[in-house]
Amino acid sequence: MTGLSTILIVVGLFLAGGVYSFSKQKMPRGVIVLLGIGSFMCLLAGVMRIQGLWD
């Protein structure tokens, strides 16, 4: 696992926590969806780098 993949996964988990927190605070749905998309993209990129799909 490289440093960049670790950073991407940590940022993705941080954003996922933001999705949970913002949904508890009844924030606008657009903000929650945007954070969710960003979280998913970071986690996917981190996992893809671990698996070596991006060289």
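What to note about this one:
- Subset of segment 23-35 [surrounded by fewer than 17 Cβ atoms within 10 Å (Cβ to Cβ) and assigned to a helix (DSSP H, G or I)]: 23, 24, 29, 30, 31, 33, 34
- Restricting attention to segment 1-10, the residues that are part of a helix (DSSP H, G or I) and either open to solvent by less than 60 Å² (accessible area, probe 1.4 Å) or hydroxyl-bearing (Ser, Thr, Tyr) (or both) total 5.
- Only one of the numbered conditions (1) free of Cβ contacts under 8 Å to residues at least 24 places away in the same chain; (2) surrounded by 15 or more Cβ atoms within 10 Å (Cβ to Cβ); (3) not aliphatic (A, V, I, L, M) is violated by residue 51, and that is (2).
- Residue identified as in contact with a Ser or Thr (Cβ under 8 Å, 6 or more places away or on another chain), open to solvent by 40 Å² or more (accessible area, probe 1.4 Å) and of a type in the set (A, V, I, L, M, F, W, C) among 13, 43: 13
The values are calculated or read from the model by the stated rules, or taken from the named source; none is laboratory data. Source: prediction; values computed, not measured. Here the Cβ is made from the backbone with ideal geometry for all residues, glycine too, and neighbour counts use every protein chain on show. SASA here: full protein model, heavy atoms, side chains in, ligands and nucleic acids out. Shrake-Rupley method; radii C 1.70, N 1.55, O 1.52, S 1.80 Å.
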